[in-house]
Each structure stands twice: as C-alpha cells, then as structure tokens.
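The structure under discussion appears below in the form of structure tokens.
The values are calculated or read from the model by the stated rules, or taken from the named source; none is laboratory data. Keep in mind it's a predicted model, so treat the numbers as computed, not measured. Here the Cβ is made from the backbone with ideal geometry for all residues, glycine too, and neighbour counts use every protein chain on show. To get the accessible areas, we keep the full protein, side chains included, count just its heavy atoms, and leave off ligands, DNA and RNA. Shrake-Rupley method; radii C 1.70, N 1.55, O 1.52, S 1.80 Å.
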Amino acid sequence: MSDMNLKLKVWKQNGPNDKGRFENYKVVANEHMSFLEMLDVLNEQLISEKSDPVSFEHDCREGICGACSMVINGRPHGPNKGTTTCQLHMRFFKDGDTITIEPFRANSFPVIKDLVVDRSAFDRIIQAGGYISVNTGQAQDANAIPIEKDVALDAFSAAACIGCGACVAACPNASAMLFTSAKVAHLGHLPQGKVEHDKRVQKMVAQMDEEGFGMCSNTYACEAECPKEISVKNIASLNRNFIGKVFKTE
Amino acid sequence: MSWVTTFFTSSIGRKLIMSLTGLFLITFLIVHLIGNLQLLYNDGGQAFNVYAKFMTSNPFIKFTSYGLYAGILLHAIQGIILWRKNATSRPQRYAVASKSTSSFTSRNMGWLGMIVLIFILIHMYQFWLKMKLGDVGMATYDGKQVKDLYKLVAATYQNPLFVIFYVLSMAAIGMHLWHGFGSAFQTLGLNHKKYTPFINTLGKVYSVLIPLGFAIIPIYMFFVLNR
Ligand code: HEM
Ligand code: SF4
Ligand code: FES
C-alpha cells in the first residue's frame, strides 16, 4: 500500500455573500481511501493545526443519498462514470496529482460554506408536485396491479435519481431538466402517478423555472455526469408531456 | 396570465419556439440552395434571373417569405433571450471547465447564432434590399425585362473578402446545425432508439452538405466564372 502525496486546491467561502477563494493544501492519502476519506484526513490535519476545516456535505457514503456534491477537476462527482464522490476511490488518482475541488456552481444553488451548497430549490420542485396525493394504506400485494416490464424498467431507472444536483452542476446553463424530468417520469409511468400527471408536469416545470435554473440546450452534459446515469430520454418525454398538455382540453 | 403567455414564456415553451422556427429555417435552406445552384449554370445568369423573378412575384412564395422573415426574427430574438438567461444561471464559472462531456457546438449555440445573424443581415442588405430598392440593372430575355440579380451576385463574389466571408459564415451555419438539427427533435420530445440515431446522422449529413453546397457558389463564381 503506497502513500500518495497530493496537492489540493480547494474552494473556501464563508457564506453566500463571501467572495470566496482557493486555498492550497497538501495531504497524504492512500489508494484505498474514498475521496471523502481523503478529505477527512485533510480535515483532521487542519483541525490539529487549529485551522478552519473544509466544509463538505456527506451522509450515506454509499452512493444513495446524493449529499456529497462537489466538482473535482471540473467534473461533478469526479472523473468516473456513474459514480458519486463518496464512491470515488483514490486509486483513480496518481501520486503527485494536483486536484482542484469546487462547489457545484449555479445561481439556484447558493454556497452555504466552502463545498456545501443549498439545494433546497430541488425540494421546492418536488413540493410543487413530485408526489402522489392518495392515502396509500397498507402496502399492496406485489403484482396486484400488473405493470408491463418495459414500463416498470423505465419507471425504475428514472426513480434511481438521488437528487444530487450533478446534472445542474454539469450543465453549461445550470438547467435542472434532467432532475425534474426524472422525478416526473418515475411517477408518471405508473398507474398511481398517472392521475395527477398533467398537473404535476405543469407545476414542477413552473417551479423549476421560478427557481431560476437555465433552459436546456440539449448538450447532454447532465447525462454524462449523472451518477445514476439518468437518460435524457426523460427530458424528451417531459417536453412531450408539457407541450402535449397545451392541446388537451380541461 | 392566459395559457398562451404562460406556455410561451415557460422554459419548454421558449425552446419549442426555437425548435419549430429552427426546423422551418432548415427546410427553407434546402429550397434556397436548390434555387441558388442555378448560379452555377454558364448561361450569363438567365436561369437564375428568371427564377429570381418568379420567387419575387409568385403570391404564394411572397406569402411564405413573410413567414420566413418572422421565423428568423422570432428565432433570433428568442435565441438571444435564452442565451442571456442561461448565462446568468451560473454567474460564477468553474476554475476548471469540463469540455469532455458536451460538444463544442452545443456549448456555443448563442455565439454561432450571433455570427449567423450578422451574416443574414449583411446578406439581406447586399442582395435582398438592393433588389427590393431596384438598385440593380435589367436583363432582357425573350423580350421580357427582369432584374439582373445575377450580375450583382457575380460582382459581389469578385471580391475575395466577400468570398471568404460567405464561406466562413457557411461554416458557422454548419456548426450551428451540427448540434441544432438533432437538438430540435429532442426539444419536440422526439427521442426513441428506433429513429433518433437516424435523425442525428441525417443532421450531421445535412449540416455538412447544405452549407458546403452554399459555399461552393461564391468559390466557383470567384475562380471559374470570373476568369
Ligand atoms: C439559417 C439560420 C438558422 C437555422 C437553420 C437555425 C436552426 C436552429 C436549430 C434547429 C436549433 C435547435 C433548436 C432546439 O434546440 O430545439 C437552433 C438553436 C439555436 N439558435 Fe438557431 N438557427 C439559425 C439562425 C440563428 C440565429 C440568427 C440566431 C441568433 C442569435 C440563432 C440562435 C440560436 C440559439 C441561441 C439556439 C440555442 C437554443 C438553445 O439553447 O437550445 N440561430 N437553431
Ligand atoms: S438526474 Fe442524476 S445528476 Fe441529476 S439529481 Fe438525479 S441523480 Fe443527480
Ligand atoms: S454521501 Fe450519500 S451519495 Fe455520496
């Protein structure tokens, strides 16, 4: 097990109104660490030196909560496909590397501190219609409502979205279309979600616009960076639903 | 707000306008190219001038041309609004920019569109406006007088700077459509493994062949007809 000597260039910012700047650090990691463990080592070092540690967000550390937002060398969640920062291992870096770490940057994701950004804009999009308003009661028998295999697969793959915001961070326009379309798709594909589908589409898109996200230029940087590899087909289907709604009578 | 304003000021509504006007302009370019290729006939411009006369006097084509002007305006205005809005969505840029996950053309639609807009303005001033204002000579074929647009075009393409300008502008249109063609279908919500690969390939073929076809005209007229 060999040590890796790394140079880090990390964004430090004291709050939404602070201008922020890059700080340079040196850290010794090893290839078995995850990226976040490497940052833990850095922070222990900073704390023992009585310096301000680097704030970053994390929760599950197993790639399912979407908290570990940061841009590593220009790539949200780092260079690997379909991988969150917490699941990124240091073996993908080399001894002597300089790693630049920035927060997700978007007008709608203001920086709270250092690498931690406020992604509550996503919560408000969900609150606008990303739910099913029925009393679910007890869990249904599996297969009580038959769902075609392809439909179930589409719903499942859209439901894999962990709301991490990497799509916004990756998009040159900071657009939230991949997230919103995934949330619309995973409900809209299934019978329980169909009832409120049209209203949901309109309300969630309206809230997305309200939050100030950019418009989609179909660059597909979102799909390339999404740790859950959500497909841009969901965006097409959101477009289709939103446009189609205009031609439906109430 | 009525549903019309709500729809067309929403992000997806705005993109729908971009897509529909863009596809309309794509269709127009085919017709425009087929007509213009008559400039390559070695007949002193007769075929082209007769065609130009037809295009400016046929009522149906005149009507369609108003749609075209409106389409260009709408596409350009909406495009600039979109471009500006998108630029403000990330006020602070990344120190390290990732260029590997999206194409150059898709990231620069606004700039490419601006080049195309400047081209369209100069192009319309040079030919369309001069023709409208009757700033061109007359040619007589079979006893009938028509405006000699051919002569104006041929004279313009004697200037190598204009030849270069036209060729570069065609490159910009080609790049705009390299991304724009396929993108327009995604905006319409048309994305399916059955036809999307075909549309995207067609888009690449179109965005090379059509601008190339246009670019050949000034090059040919400069090197061949002028000699
Ligand atoms: C020959 C003329 C033109 C053609 C055929 C054309 C075609 C297209 C097409 C097909 C799209 C894709 C629409 C979509 O993504 O849904 C597009 C996008 C765009 N066009 Fe044009 N265009 C032309 C001229 C212009 C001009 C003059 C401007 C002026 C600024 C412009 C600005 C834009 C912009 C900014 C976009 C990107 C929209 C986005 O972010 O998605 N275009 N164009
Ligand atoms: S679509 Fe992908 S990148 Fe966007 S929030 Fe969901 S999981 Fe993250
Ligand atoms: S910490 Fe939960 S996904 Fe990374």
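Sequence-distant or interchain residues sharing an amide H contact under 5 Å with A:Ile112, placed H: which?
Result for A:Ile112 returns A:Val117, A:Asp118.
Taking a threshold of 32 Å on the Cα-Cα distance, which of the pairs A:Lys7/A:Lys113; A:Lys9/A:Lys183; A:Lys194/B:Lys194; B:Lys85/B:Lys132; A:Lys149/B:Lys99 fall above it?
On the way: A:Lys7/A:Lys113 21 Å; A:Lys9/A:Lys183 34 Å; A:Lys194/B:Lys194 25 Å; B:Lys85/B:Lys132 36 Å; A:Lys149/B:Lys99 37 Å.
With Cα atoms farther than 32 Å apart: A:Lys9/A:Lys183; B:Lys85/B:Lys132; A:Lys149/B:Lys99.
What's the Cα-based Rg to Rh of chain B, Rh via Kirkwood? Display every interim value, and only then the final one.
Values: Rg = 20.0 Å, Rh = 19.6 Å.
Here the Rg-to-Rh quotient is 1.02.
For the stretch B:165-171, take each phi angle, set θ = phi - 60°, evaluate the Karplus expression 6.51 cos²θ - 1.76 cosθ + 1.60, and give the result in whole Hz per residue in order, putting x for glycine and proline.
Once rounded to whole Hz, the list reads 4, 5, 5, 5, 5, 5, 4.
Given the whole protein assembly as supplied and a 1.4 Å probe, what does the accessible area of B:Met124 come to in Å², nearest 10?
Number for this one is 50 Å².
Taking H placed 1.01 Å from N in the peptide plane, check which residues at least 5 places from A:Leu8 or on another chain put their amide H under 5 Å from its amide H.
A:Tyr25, A:Lys26, A:Val27, A:Ile99
Name the residue farthest towards the positive end of the dipole of chain B from the options B:Phe7, B:Ser19, B:His176, assuming +1 on Cβ of Lys and Arg, -1 on Cβ of Asp and Glu, about the Cα centre.
B:Phe7
Under the rule of -39500 (n - 2.57) per DSSP H run of 4 or more residues, summed and divided by the residues of chain A, what mean residue ellipticity at 222 nm is obtained, to the nearest 500 deg cm²/dmol?
About -10000 deg cm²/dmol.
In terms of the ratio Rg/(2.2 N^0.38 Å) built on C-alpha atoms, what value belongs to the stretch A:119-246? Walk me through the numbers on the way to the answer.
Working: Rg = 14.4 Å, N = 128, 2.2 N^0.38 = 13.9 Å.
Dividing the Cα radius of gyration by 2.2 N^0.38 Å gives 1.04.
Could you check the spin-label model distance between B:Thr9 and A:Glu148? Points 7 Å from the Cα along Cα→Cβ, value in nm.
3.9
Give me the accessible area buried between chains A and B, both sides summed, with a 1.4 Å probe, in Å² rounded to the nearest 100.
Rounded to the nearest hundred, the buried surface is 3300 Å².
Given the options A:Asn17, A:Asn80, A:Asn143, state which has the largest fluctuation in a GNM of chain A using a 10 Å cut-off (strictly under) for Cα springs.
Fluctuation is largest for A:Asn143.
What is the magnitude of the charge dipole of chain B about its Cα centre, with +1 placed on the Cβ of each Lys and Arg, -1 on the Cβ of each Asp and Glu, and no other charges, expressed in debye to the nearest 20?
Value, rounded to 20: 760 debye.
In whole angstrom, note down how far apart the Cα centers of the stretch A:59-87 and the stretch A:22-37 are.
For the stretch A:59-87 versus the stretch A:22-37, the Cα centre distance is 15 Å.
Find how much the distance from B:Ala87 to B:Ser2 grows on full extension, using 0.36 nm per residue of separation minus their present alpha carbon separation; answer in nm with one decimal.
27.8 nm
Quick one: ranking B:Thr196, B:Thr5 by accessible area, 1.4 Å probe, largest first, what do you get?
B:Thr5, B:Thr196
If I ignore ligands, DNA and RNA and count only protein heavy atoms, how much of B:Ile118 is accessible to a 1.4 Å probe, in Å² to the nearest 10?
Number for this one is 90 Å².
With +1 assigned to the C-beta of every Lys and Arg and -1 to the C-beta of every Asp and Glu, and no other charges, what is the dipole magnitude of the stretch A:87-149 about the Cα centre in debye, to the nearest 20?
Magnitude of the dipole: close to 80 debye.
Would you pull out the residues with amide H under 5 Å of B:Ser102's amide H, same chain only if 5 or more places away, H placed 1.01 Å from N?
none
Between B:Asn200 and A:Glu31, what is the label-point separation in nm under the 7 Å Cα-to-beta-carbon projection?
3.4
Provide the gained length on full extension for the span B:Thr64 to B:Thr27, in nm with one decimal, where the gain is 0.36 nm per separating residue minus the Cα-Cα distance.
12.1 nm
Could you give me the ³J(HN,Hα) list for the stretch A:141-156, computed from phi with Karplus coefficients 6.51, -1.76, 1.60 and θ = phi - 60°, whole Hz, x at Gly and Pro?
Coupling constants for the stretch A:141-156: 4, 4, 6, 5, 10, x, 10, 4, 3, 4, 5, 4, 5, 4, 5, 4 Hz.
Under 13 Å from the Cβ of A:Gly74, count the other residues' Cβ atoms, weight Lys and Arg +1, Asp and Glu -1, and hand me the total.
+3
Can you find, among A:Ala221, B:Ala52, B:Val116, the residue farthest towards the positive end of the dipole of the protein assembly as shown? Put +1 on the C-beta of Lys and Arg, -1 on that of Asp and Glu.
Of A:Ala221, B:Ala52, B:Val116, it is B:Ala52.
Please check which bits of the stretch B:36-75 a label hung off B:Asp142 would reach, taking the label as a point 7 Å along Cα-to-C-beta and the cut-off as backbone N under 20 Å.
Correct set: B:38-39, B:41-59.
Starting at the first residue of the stretch B:39-49, write each ³J(HN,Hα) from the Karplus equation 6.51 cos²θ - 1.76 cosθ + 1.60 with θ = phi - 60°, in whole Hz, x for Gly and Pro.
For the stretch B:39-49, the Karplus curve yields 5, 7, 4, 8, 10, x, x, 4, 4, 5, 5 Hz.
What whole-number distance in Å separates the alpha-carbon centres of the stretch A:190-250 and the stretch B:189-227?
Result: 32 Å between the Cα centres.
What does the convex hull of the Cα atoms of the protein assembly as shown come to per residue, in Å³, rounded to a whole number?
Details: hull volume 99.3 nm³, N = 477.
Measuring per residue, one finds 208 Å³ for the Cα hull of the protein assembly as shown.
Cut-off 10 angstrom, C-alpha nodes, Gaussian network model of chain A. Which of A:Pro110, A:Pro53, A:Pro146 fluctuates the most?
It is A:Pro146.
Quick one: putting +1 on the C-beta of Lys and Arg, -1 on the C-beta of Asp and Glu, what dipole do you get for chain A around its Cα centre, in Debye to the nearest 20?
600
Give, to the nearest whole percent, the P(r) tail of the stretch A:3-112 beyond 18 angstrom, counting all Cα pairs. Display every interim value, and only then the final one.
Working: 2870 of 5995 pairs.
When all Cα pairs of the stretch A:3-112 are counted, 48 percent exceed 18 Å.
Calculated from DSSP H runs of 4 or more alone, at -39500 (n - 2.57) each and per residue, what is the 222 nm mean residue ellipticity of chain B, nearest 500? Intermediate values should be presented prior to the final figure.
Working: 9 runs with 155 residues, N = 227.
Computed ellipticity for chain B at 222 nm equals -23000 deg cm²/dmol.
For the protein assembly as shown, with the dipole built from +1 on Lys and Arg beta-carbon atoms and -1 on Asp and Glu ones, taken about the Cα centre, which of A:Phe93, A:Val205, A:Gln140 lies farthest toward the positive end?
Ranked along the dipole, the leading option is A:Val205.
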